[in-house]
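The values are calculated or read from the model by the stated rules, or taken from the named source; none is laboratory data. Everything numeric here is computed off the predicted structure, so don't read it as measured data. Cβ sites come from the backbone with ideal geometry, for glycine too, and all protein chains shown count toward neighbours. All accessible areas refer to the heavy atoms of the entire protein, side chains included, with ligands and DNA or RNA removed. Shrake-Rupley method; radii C 1.70, N 1.55, O 1.52, S 1.80 Å.
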Amino acid sequence: MAPHPIDVVIVGGGPAGAAAARLLATWGHSVQLLTKTVDRSRSLGESLPPSCRKLFDLLGATAAIDTAGFLASSGNTVWWGDETTRTACFADGATGLQVDRHDLDALLLRLAGQAGAHVQANALVRGARLAPVDSRPGPAAATISYSTDDSSTHTIEAQFVLDCSGRAGVIARRGFRVHDVGRTTLALTAVWMRRDGWDLGDETHTLVETYRDGWAWSVPVTPSRRYVTVMVDPRVTDLDRGSAITRCYEAELAKTAALRRVLAPATRVTAPWGCDASLYHAPTCGGPGMLLVGDAASFIDPLSSYGVKKALASAWLAAVVVHTSLTNSALAAVALDLFNQREREIHAAAVRQSAQFFADAATRHHHPFWTGRATMDQMAETGDAGDTAPEIDIDALRRDPAVMAAFDTLRQGSGIRLRRGDHLRVEARPALTIRDVVMEDRLVLPDWPPTGRGVRFLRDIDLVQLVELAPDHRQVPDLYEAYNRRCAPVSLPDFLGALSVLLAKGALRNDMMEPGPR
């Protein structure tokens, strides 16, 4: 008799695979993670923004991260388009982390194993058979075959397979990906040492510099050790004409100004190596029993420094979708749709961000490397704007004349007589909790929020509850007290702001006010 399928098999032991494995094992699922042999000499330095801490909290990994000895960083130093030094520190004195990826990956894999995931090292996936696209997840939606370093071959069946294999795309490369035309990029990397310091304003900073036909960046992983990478189009460099990698790397660094000065007293301690950094994305990131997670689904430009954060966030979302599908089959299709939608939005948001950087560089460096990338990003941005705009832009609401007018009227009025707007609907829409996809009531209006997915909370104010309570009260203080009795207490300014937005957007009408913009 064949063994009973496990719940989840995960292909890839990077941050996405290890994070998903730890979460799913913690939530009681049987998990096997397959990770191949890693070449330590090809590790990379990565920057983790302060917001990664929330994801480490979700993983229960914060204590281990804090004691791992990673270098804390206060921000970035940039020379973008010219030699003007621009220093950007993280808000409110927060710190990010500069990590050696090999060390981070090993830590996260160890945490996955401690949570109960079975980690199979030195595994090379040989084949993957998936359920038909039009089927529903069943007892064995995926069959994975792999070999180990002793040349033995194994087969494992699972209800779900997560492709967390990054650029290798063990499953993603089987027709799921679209390569971004015109964005061929090669990353050439080496490690540099300077034991007496780097003579920088803040030696923990990531350094970024543009030059005529490329850009370079450097991440410190210890006070004396830095990874330095140049990003080039191989078609317009000497490398494409047969130049050795080392000679090409040195020629590209020679085009920089600031980084060249920083590295002048330093010593390169490794030979440069190259890896493909061209961009791609998967229009569909999941199907029955299968999800593409992290870089398997899409690769974003390293300009954002959000690669690891994206992988961790994608892993959490994938774990939530799998957990929901395995414990509440009625929401499996809804959860899968939500995963596909969110992954597309993450990719499109990264495209919009890099578009701003590339367009700025293109105005200073009149070279096809920049002008071509700026054009491609602008095309991608306009194509998906309707689907990927932020649900709620708080800063824009604060500046909205209709919101400000409603706020002033509430403050100056003698009372309120509120009723639901004529076009307001309250509908159940999918939403995320820590480990489940659920259906929750949301306010839906024809023109707001712009995504059309509705809204439940605004600055921690439960808008559905507020709309329900509003008609029963004639004074704002009474409504505020009633809300705080029913829901978690909130500040009066936030409450007034949310109430003003509901009035300005037409979710509520005040019959004691003059009609305003709707």
| request: Quote to one decimal, in nm, the extra length available between Leu124 and Ala91 on full extension: 0.36 nm per residue of separation minus the C-alpha distance between them. | output: 7.6 nm
| Percent carbon-and-sulfur accessible area, segment 155-298, ignoring ligands, DNA and RNA, probe 1.4 Å | 51
| query | Hey, if you drop one equal point scatterer on each alpha-carbon of segment 14-143 and run the Debye formula without solvent, what base-10 log of I(q)/I(0) do you get at q = 0.11, 0.12, 0.14, 0.16 Å⁻¹? | reply | -0.54, -0.63, -0.78, -0.92
| note | segment 423-460 and segment 44-85 have their Cα centres apart by a whole-number Å value of 32
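Taking 0.36 nm per intervening residue step and subtracting the Cα-Cα distance, what contour gain separates Asp82 from Arg398 on full extension? Intermediate values should be presented prior to the final figure.
Working: separation 316, 0.36 × 316 = 113.76 nm, distance 3.47 nm.
110.3 nm is the gain from fully extending Asp82 to Arg398.
Let's see if you can work this out: charge +1 on each Lys and Arg Cβ, -1 on each Asp and Glu Cβ, no other charges. What is the dipole magnitude of the chain about its Cα centre, in debye to the nearest 20? All intermediate terms of the calculation are to be shown ahead of the outcome.
Numbers: 55 positive and 59 negative charges, 91 e Å.
Computed about the Cα centre, the dipole is about 440 debye.
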| message | Can you give me the long-range amide H partners of Gly421? Hydrogens built in the peptide plane at 1.01 Å from N, cutoff under 5 Å, separation of 5 or more residues or another chain. | response | Leu508, Arg509
| query | Taking the Cα centre of each part, how many Å lie between segment 177-211 and segment 306-340? | reply | 32
| task | Report ³J(HN,Hα) in whole Hz for each residue of segment 148-154, in order, from the Karplus equation J = 6.51 cos²θ - 1.76 cosθ + 1.60 where θ = phi - 60°; Gly and Pro get x. | result | 10, 5, 8, 6, 7, 10, 9
| field | Cα-based Kirkwood hydrodynamic radius, segment 197-306, one decimal, Å | value | 16.1
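Contact order normalised by length for segment 204-294, with contacts defined as Cα pairs under 8 Å and 6 or more residues apart; what percent is it?
Details: 77 pairs, mean separation 17.5, N = 91.
Rounded, it is 19 percent for segment 204-294.
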| message | For the ranges 223-235, 255-267, 68-80, what's the packing order if you count other beta-carbon atoms within 10 Å of each residue, average per peptide, and put the highest first? | response | 223-235, 68-80, 255-267
| said: Please state the shape class of segment 32-87: rounded when a/c is under 1.5, otherwise prolate if a/b exceeds b/c and oblate if not, all from the C-alpha gyration tensor. | reply: oblate
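Taking 2.2 N^0.38 Å as the expected size of a compact globular protein, what ratio does the Cα radius of gyration of segment 406-518 give against it, to two decimals? Mind dumping the intermediate values first?
Details: Rg = 14.0 Å, N = 113, 2.2 N^0.38 = 13.3 Å.
Relative to the rule-of-thumb radius for its length, segment 406-518 sits at 1.05.
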| Counting only residues 5 or more places away or on other chains, whose amide H sits under 5 Å from the amide H of Arg126 once H atoms are built in the peptide plane? | Ser145, Tyr146, Ser147
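Per residue, how many Å² of accessible area does the chain show with a 1.4 Å probe?
Details: 23320 Å² over 518 residues.
Per-residue value: 45 Å².
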| the chain shape via C-alpha gyration tensor axes, a/c threshold 1.5 | oblate
| query | Which aspartates and glutamates does Lys310 reach when only Cα atoms under 12 Å apart count, and residues fewer than 8 places away in its own chain are ignored? | reply | Asp295, Asp301, Glu343, Glu345
| query | What is the distance, in nm, between label points placed 7 Å from the Cα along the Cα-to-Cβ direction at Ala168 and at Ser74? | reply | 4.0
| Of all accessible heavy-atom area on segment 15-146, the percent that carbon and sulfur account for (1.4 Å) | 52
